Amino acid sequence: MKKSILVIEDDLALNDAFSTVLKKEGFTVFSVFNGQEALELLRYDKVDLILLDIIMPVMDGTEFLRRFKAKSQTIPIIVFSNLDSQNNVAEIYALGASHYMLKAWASPKELVKIVKRTLNSQNN
Amino acid sequence: MLLSYLVAMNQHRNNQQRAEASLTSGIAYLEQTLFRRMSSYAEILRSGASLARISGAMDRKQWHDFIQDLDVQNRYPGTRAFAYAAYVPEAQLSKHEQEIRSSGDEDYNVTPIGSRELYVPVTFAELAEPSESDQTFGFDLYTDPERRAALIAARDSGEIVATDPIVLQGDLDKADKPAAVTIYYPVFSGENKPENEAERRARIRGFTFAALRVSDLIVGLFGQEALNNPAAGLQLQAITADNERKEIYSSPSFNRLKTQEGVHIRTVPLTVHSKTWEATVVIASSASSSFAQNPWVLFFGGFVISILVAALLFMLMINRLIRTMASEEIKVQQAKEELLSLASHQLRTPASGVKQYLGMVLQGYSGRISKQQKEILDKAYSANERQLEIIDQLLYVAQADAGQIRLEKKSHNFTKLVEEVVAGYEDEAASKKINLSFRRAKPLEIKADPRFVRMIVENLISNAIKYSYPGGSVNVVLEKQGNRIFLRVKDKGVGIAKVQHDRLFQKFSRIDNELSREAGGSGLGLFLAQELAVAHGGSIKVSSEAGAGAVFALQLPVFTKKPIYNKGKRRGV
């Protein structure tokens, strides 16, 4: 069965790029542009993986994580962001992120690799 | 300053004028006071003469009462003696002596004893110092040349005559013989005043006189306190019969002031009962004015004030200038930081986008591409990587400048961290057919910011992989030496020429070699990796030769704290 991935990324081009690649890899992709939209979508749809950008308007990634965790959901989350966000990486992991990725440096292949690896470990 | 100068000059002129005025008035006062006293003496002597004439045979008691009534001590302080001397030709000497002896003074003798034509012995006297009676009574004034001259002049003129400076009998035995003066008034027998010299000589009976130490007189007239004034001085000199000047008084400050600079000095003649004295008065010009009127004070004060004001204004100006400059600088700095941060952020997103799209094409997500196409796209991809690297560095620099990079040091297991990073690169190494190995080490605790040390390790390992040839190997060795941890990443790749070593660690630098176009990288240059290492108190060193691979050694201090509790054993609190 096709796995579904939720892409949460506010930049149009990147959002589109990630979605395109993942679709080509055979995943079902839902894409939203901020944490608020993500929470709403997750009320009705189930996904197997979340790709989460940290810096977003309306509700940023960290806030989303908190709320998401509060709902005690167990979907694996790959967080990607950059050095400059004043992230507390530890907090992000504590909030349940499976992987923390540097956005700017993941080529499509690498992204796909991590996605697949995460899904596989989830299955085990 | 100019103002204070002018004011000072004006004040100086005022001071000068005032000093001159003081001098004039001081001298006038001196003259008047002296004149008044001398007049008083004259009156007293005249009254005494009248008494002597009227009472015929005067006795001591009469003289005493007369003088007592005058309240001499209080009203004429400084007078040494008021006395009467009889004019005794030799023929009448013994009669004279007997008369005086029988009137109560049994020891009366005319001294010096000897035969002379004429004697003028002190017959009655009221003395300021009664202890001097012995020397005084009976002393023949005529034997002393200065007194004689005055006596003769008084007799012949019928007027009061003052002596030249003499030493009083009572002071003869003193070391410092104070200058004194006696003033004589002739007493004639008969009723009317004699009209000529011959008559006077015939009718002369005696003299009333006042004896005074000049210093006592002056002190009595003006008071010692006034005379002690350090800024004013008085000197009296008598002009003798020989036309010599003899000092008879000088106030304590006189000699010092006389030779001082900027003093006002004046000499005036004073007539003292037929004699001429010279009074010299000296005033220090600032003495006549208060401190606030001293021109030097004014000038200096004005000078100082003007300097202070100037300095204050200057400081205020400079302060304003600095503050403006500083705020300008801060504004510029802030603008710079904002621009840098903004630009980097804004640049990064589209640059990431380019990476994704180029990557998609290169990595097969848009169908086959020709070799030619791949070549070209590879270059584009590589250039984009470079972009992203630089943007990262810019952002780091901006953050560091703004003080936003804060190391959050935590004690953590460095070995585990290295293991994780190595694991993360396994796939990439495998895809390049590079053998990546990590020599297992025991857990090593370090106190560092895990985010940043991770990045350093990632940078070193990714570089090693990037610059290795396919089929090569990358070895990671971790060990602890003393207080330091060493992580050595060794590759057998393209290497770096010795001359390039310095450039390696510079900002935005990239050594161009055949492998540097490859994809990959952790987003930090060696520059940043080294910065972070140094920020932890460590360093990154390279040893490499061109074509002979490289060893990058990261050194970090341990900074671990010994645990207080050691496996259940308490080691003290």
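The values are calculated or read from the model by the stated rules, or taken from the named source; none is laboratory data. These figures come from a predicted structure and were not determined experimentally. Methodologically, a virtual Cβ is constructed for each residue, glycine included, from the backbone with ideal geometry; neighbour enumeration extends over all protein chains shown. Calculation scope for accessible area: heavy atoms of the full protein, side chains included, ligands and nucleic acids excluded. Shrake-Rupley method; radii C 1.70, N 1.55, O 1.52, S 1.80 Å.
Structural remarks
- Long-range neighbours under 6 Å by Cβ, at least six apart or interchain, first residue over 26 Å from B:Val304 (Cα atoms) within segment B:1-28, second of a type in the set (Lys, Arg): B:Leu23/B:Arg266
- Scoring B:Asp171 on the criteria (1) at pLDDT below 90; (2) open to solvent by 40 Å² or more (accessible area, probe 1.4 Å) leaves a single failure, condition (2).
- Index of the failed condition, B:Lys507 passing every other in (1) at pLDDT 75 or above; (2) assigned to a loop (DSSP other than H, G, I, E, B); (3) open to solvent by 70 Å² or more (accessible area, probe 1.4 Å); (4) not aromatic (Phe, Trp, Tyr): (1)
- The residue list A:Ser81, A:Ser85 contains one member that is at pLDDT below 90, over 14 Å from the mean Cα position of the chain (by Cα) and either surrounded by 14 or more Cβ atoms within 10 Å (Cβ to Cβ) or on the phi > 0 side of the Ramachandran plot (or both), which is A:Ser85.
- Selection from segment B:15-28 of residues that are within 36 Å of the chain's Cα centre (by Cα) and open to solvent by 50 Å² or more (accessible area, probe 1.4 Å): B:Gln16, B:Gln17, B:Arg18, B:Glu20
- Reported count of residues in segment A:1-35, each being assigned to a helix (DSSP H, G or I) and modelled with pLDDT under 90, is 4.
- Close contacts from segment B:530-554, counting a first residue that is of a type in the set (Lys, Arg) and a second that is part of a strand (DSSP E or B), with Cβ to Cβ under 7 Å and a gap of 6+ residues or different chains, come to B:Lys541/B:Ala553.
- Considered as a group, the residues in segment A:91-113 that are assigned to a helix (DSSP H, G or I) and open to solvent by 30 Å² or more (accessible area, probe 1.4 Å) include one that is nearest to the other protein chains (Cβ to nearest Cβ), and that residue is A:Lys109.
- Residue within segment B:347-363 that is more than 10 Å from chain A (Cβ to nearest Cβ) and in a helix (DSSP H, G or I) present: yes
- Options B:Ser370, B:Ser382, B:Ser344: the member that is small (Gly, Ala, Ser) and within 30 Å of B:Lys490 (Cα to Cα): B:Ser382
- Flag not set for A:Leu14, criterion: more than 13 Å from chain B (Cβ to nearest Cβ) and either under 14 Å from the mean Cα position of the chain (by Cα) or among the hydroxyl-bearing types (Ser, Thr, Tyr) (or both).
- Looking only at segment A:38-60, residues that are more than 17 Å from A:Leu102 (Cα to Cα) and outside any loop (DSSP other than H, G, I, E, B) come to 8 in all.
- Taken together, B:Ser341, B:Ser327 contain a single residue that is among the hydroxyl-bearing types (Ser, Thr, Tyr) and within 12 Å of chain A (Cβ to nearest Cβ), which is B:Ser341.
- Residue within segment B:361-369 that is at pLDDT below 90, under 26 Å from B:Leu460 (Cα atoms), among the hydroxyl-bearing types (Ser, Thr, Tyr) and open to solvent by 30 Å² or more (accessible area, probe 1.4 Å) present: no
- The lone exception for B:Ala383 - which of (1) closer than 25 Å to B:Leu532 by Cα; (2) away from chain A (no Cβ under 14 Å); (3) of a type in the set (A, V, I, L, M, F, W, C) it fails: (1)
- Count of residues meeting criterion [surrounded by fewer than 21 Cβ atoms within 10 Å (Cβ to Cβ) and of a type in the set (Phe, Trp, Tyr)] in segment B:122-138: 0
- Which listed residue is touching a Gly at 6+ places or on another chain (Cβ under 9 Å), away from chain A (no Cβ under 12 Å) and either within 30 Å of B:Gln333 (Cβ to Cβ) or modelled with pLDDT under 85 (or both), from B:Lys466, B:Lys409: B:Lys466
- From the list B:Pro450, B:Pro443, the one residue that fits, being in contact with a strand residue (DSSP E or B) (Cβ under 7 Å, 6 or more places away or on another chain), within 11 Å of chain A (Cβ to nearest Cβ) and closer than 27 Å to B:Leu487 by Cβ, is B:Pro450.
- Of all residues making up segment B:87-112, the number that are at pLDDT 90 or above and under 20 Å from B:Pro130 (Cα atoms): 0
- When residues in segment B:517-572 are screened for being at pLDDT 50 or above, small (Gly, Ala, Ser) and open to solvent by less than 30 Å² (accessible area, probe 1.4 Å), 9 of them pass.
- Taking the conditions (1) at pLDDT 85 or above; (2) surrounded by 21 or more Cβ atoms within 10 Å (Cβ to Cβ); (3) aliphatic (A, V, I, L, M) in turn, A:Leu119 satisfies each one other than (2).
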